[in-house]
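Please read the structure below before turning to the comments.
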Amino acid sequence: MYRYDDFDHRFVDERVAQYRDQVRRRLAGQLTEDEFKPLRLMNGLYLQMHAYMLRIAIPYGAFDSAKMRKLAHITRKYDRGYGHFTTRQNLQLNWIKLEDTPDILAELASVEMHAIQTSGNSFRNTTTDPFAGVAHDEIEDPRPYAEILRQWSTLHPEFSFLPRKFKIAVSASTEDRAAVKMHDVGLYLRRNDKGEVGFEVMAGGGLGRTPLLSHTIKPFVARRDLLSYLEAVLRVYNQYGRRDNIYKARIKILVQSLGAKKFAEEVEAEWLASDREAAALPDNYVREIASAFALPAYDNTPVDEAAFKRDAAANPAFARWLRRNTFGHKSSNHAVVTISLKPVGETPGDCSADQMDLVADLADELSFGEIRAAYEQNLVLPHVRRDALFGLWKRLEAAGLGTANIGQITDIICCPGMDYCSLATARSIPIAQDLARHMAAKEEAIGTFNIKISGCINACGHHHLGHIGILGVDKNGEEVYQITLGGDAGNNAAVGTIIGPALKSDAVTGGIDTLIDVYLKLRQDGERFPDTYRRIGAKPFKEALYAVA
Amino acid sequence: MQLVTGNRLRDGVPIYFVGNGQWSPSIDAAQLVEDAEADALLAVSQEGAPPLPAVGSVLIEAVRENGHIKPISLRERIRAEGPTTGPMTHQTAIETAAR
Ligand code: SF4
């Protein structure tokens, strides 16, 4: 894990002191809300429906037990004992008091955390594969690059007044587990014919009002040129990106209006004309950052396979959890464990302070202290010995964290919606809760499936990328839900298409159930929902849905 | 009918304008006026030395029903009554109100 150096510590401490003074002046009436709002937003503090909301940055979703314990402590002391993990691998606290926020930021700084750049027209948290560093299908650990991007983009003077927020994702595995193509800029780590590491650079993705997937603008950028090339991308965006209309300001609109080819040419010209050496990424610097992410010293004594198999055979629930919640590790003695924050009927992504403490303890005991937050709103223990899995599962079960549903229909991505978010046009959590309760019994028969729900067109719940996506909208004061079909987030990323008129809230679960029945009836061997949808089209789904609706 | 609501500056709690420079977290305490008087009520709510107690003050529609004030919009009902998601069954929520 990257550790702050003196510069980082000083920078974050100074920021807390500046912010403390800003809050003091606001509470004393010396700053108006218009003056104060940009200052609080720069420190991750939003004003939501019921309270202030603090969005705490978890850079590329990687943190550790000490940070988790601090988060548990903060949620207990300053909030209501729970937090919400987001689709940007961050944590949101929903019940924060303005007057407490300087102390909270100081507490975060004590464990090398902050809430900077979790808002505003800045670079947001660079996201990556939650299995980074340990995934068996990885070319190289993407975290050092995510860290290099974090350092490069934090308060970058040339890019601190972008037309809009800017999001980057990095993936280094054959399977894209970071939804790279929905990002302003996406990076796939690649090896060229000579075995050198570089990046396929994609640009122009994003969800929201105009959902678009990114395009490859350069198939291979050498590692050394990564930052100079990204600076060229940003310069073209800074120069041509629209600032007159918030809905047209993201880079996706620029790439769409210029065309990906023309945009790529503009970037190339800018890049060739720039001082590439000034922003070159030297190998020794990459090595230095990468050393912070070295794998821990694993215990390589062989796993007792017979005992492992016996436990799994005697406990079908454990066997199911193994199948769904563990993933192949680089070390054959270890597994990557995903802890579901989607117990059926609960709020997706919520985690109590007690659960945070337990995960911190388990991370210390079983995973070298390391924890990850996944964009699917779950947590990951990246290095668990396989002979410790049975014990781990039992402890997770006892704490309500043992749900075996990763990648299943009840593993729903869901934004806070109108229960918390002041931008929402409808609720999303109760829809997710009801759907999960209803679908749990069919989960095994359905297999891999994802439902994604957003409470407004901003699409924090990634609804466009759900096999089934649900968007809550307001229709004359009533919540109704638009259903999209065929979305996909990974290697085969696709934006779903709206199937027809929106459903009333009490018709959503039944409607989705009908769609699932059509899928189960018509799918061919091994077909996932988007495959079936692409093969047979919308018609059978539409006919069934609107016959009952 | 309409009333003025905003979020309390120091902690963000939804509050309602009672009149005479006073605000309350209870919507039932709000001053509810006819539509024609609403703009004047909003103006009065914004008087006083800074900082004003409420941030983002707006007028919302509401009705009086069985002695209680009920906002018309779902959003405002959720603001007044809290999230509709039910308690988390797997956690011990600590009410900030108890602090
Ligand atoms: S999608 Fe809309 S409602 Fe949901 S969290 Fe984002 S802004 Fe709020």
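Only protein atoms count toward the accessible area here, which uses a 1.4 Å probe; on the stretch B:2-74, the carbon and sulfur part of that area reaches 51 percent.
In straight-distance terms, cross-link reach from A:LYS539 covers every one of the lysines whose alpha-carbon lies under 19 Å from its own, apart from those fewer than eight places away in the same chain; here that gives A:LYS521.
Beyond 30 Å between alpha-carbons counts as too far, so tell me which of A:LYS248/A:LYS542; A:LYS165/A:LYS262; A:LYS165/A:LYS452; A:LYS67/A:LYS97 fall in that bin. Violating the 30 Å Cα-Cα cut-off are A:LYS248/A:LYS542.
Note on B:THR84 and A:ALA319: with the Förster distance fixed at 56 Å, the Cβ-Cβ geometry gives a FRET efficiency of about 0.95. Proximity of backbone amide H atoms, modeled 1.01 Å from N, is registered between B:VAL55 and B:ASN7, B:ARG8, B:LEU9 at under 5 Å, excluding neighbours fewer than 5 places apart on the same chain. Rounded if a/c is under 1.5, else prolate if a/b is larger than b/c, else oblate: which is the stretch A:295-340, with a ≥ b ≥ c the root eigenvalues of its Cα gyration tensor? Oblate, because a/c is 1.5 or more while a/b does not exceed b/c. Here the ratio of the Cα radius of gyration of the stretch A:127-258 to 2.2 N^0.38 Å is 1.03.
Could you let me know the centre-to-centre spacing of the stretch A:10-26 and the stretch A:270-290, using Cα atoms, in angstrom? After rounding, the separation between the Cα centres reads 33 Å. When both the stretch A:183-247 and the stretch A:418-433 are represented by their alpha-carbon centers, they are found 32 Å apart. As a fraction of the 1.4 Å probe accessible area of the stretch A:135-291, surface on carbon and sulfur atoms comes out at 50 percent.
Between the stretch A:106-124 and the stretch A:316-331, the alpha-carbon centres lie 34 Å apart.
Given the -39500 (n - 2.57) contribution per DSSP H run of 4+ residues, what per-residue ellipticity at 222 nm results for chain B, rounded to the nearest 500 deg cm²/dmol?
Roughly -5500 deg cm²/dmol at 222 nm, from the helical runs in chain B.
Solvent-accessible area of the stretch A:305-398 (1.4 angstrom probe, protein heavy atoms only): carbon and sulfur portion equals 52 percent.
Accessible area per residue for the stretch A:305-398, computed on protein heavy atoms with a 1.4 Å probe, is 33 Å².
For B:VAL18, the residues 5 or more places off, or on other chains, whose built amide H falls under 5 Å of its own are B:TRP23, B:SER24, B:GLN31. Neighbours of A:TYR82 by Cβ distance under 11 Å: Lys/Arg scored +1, Asp/Glu scored -1, total -2. The phi torsions of the stretch A:171-181, fed into the Karplus equation with coefficients 6.51, -1.76 and 1.60 and a -60° offset, translate into couplings of 10, 10, 10, 5, 9, 7, 10, 10, 6, 4, 6 Hz, rounded to whole numbers, with Gly and Pro shown as x.
3J(HN,Hα) along the stretch A:11-28, derived from phi through the Karplus expression 6.51 cos²θ - 1.76 cosθ + 1.60 where θ = phi - 60°, amounts to 4, 5, 5, 5, 4, 4, 5, 4, 5, 4, 5, 5, 5, 4, 5, 5, 5, 8 Hz, with x in place of Gly and Pro. Taking 17 Å as the straight-line reach from the Cα of A:LYS309, the lysines in range (excluding those fewer than 8 positions away in the same chain) are A:LYS394. Within chain A, A:CYS351, A:CYS414, A:CYS421, A:CYS456 have no other Cys Cβ under 4.7 Å of their Cβ and so lack a disulfide-compatible partner by this rule.
With contributions of -39500 (n - 2.57) from each DSSP H run of at least four residues, the per-residue ellipticity at 222 nm computed over chain A stands at -11500 deg cm²/dmol. Partners of A:LYS181 within straight-line reach, counting aspartates and glutamates whose Cα lies under 17 Å from its Cα and excluding those fewer than 8 residues away in the same chain: A:ASP129, A:GLU200, A:GLU376, A:ASP488.
Indicate the gyration tensor shape class of the stretch A:48-112 (rounded, prolate or oblate), computed on the Cα atoms with a ≥ b ≥ c the square roots of the eigenvalues: a/c under 1.5 is rounded; otherwise a/b larger than b/c is prolate and the rest oblate. In terms of gyration-tensor shape, oblate.
In a reduced charge model with +1 at each Lys and Arg Cβ and -1 at each Asp and Glu Cβ, chain A shows a dipole moment near 1180 debye about its Cα centre.
Chains A and B together bury roughly 3000 Å² of accessible area, counting both sides, with a 1.4 Å probe on protein heavy atoms only. Name the shape class, rounded, prolate or oblate, that the alpha-carbon gyration tensor gives for the protein assembly as shown, where a ≥ b ≥ c are the square roots of its eigenvalues, rounded holds for a/c under 1.5, and otherwise prolate holds if a/b is larger than b/c and oblate otherwise. Rounded, since a/c falls under 1.5. Could you tally the net charge around A:GLU33, taking each other residue with its Cβ under 10 Å from the Cβ of A:GLU33, Lys/Arg +1 and Asp/Glu -1? Local net charge: +1.
The values are calculated or read from the model by the stated rules, or taken from the named source; none is laboratory data. All values derive from a computational prediction rather than experimental measurement. Note: ideal-geometry Cβ built from the backbone for every residue, glycine included; neighbour counts use all protein chains shown. Ligands, DNA and RNA are excluded from the accessible area calculation, which covers all protein heavy atoms including side chains. Shrake-Rupley method; radii C 1.70, N 1.55, O 1.52, S 1.80 Å.
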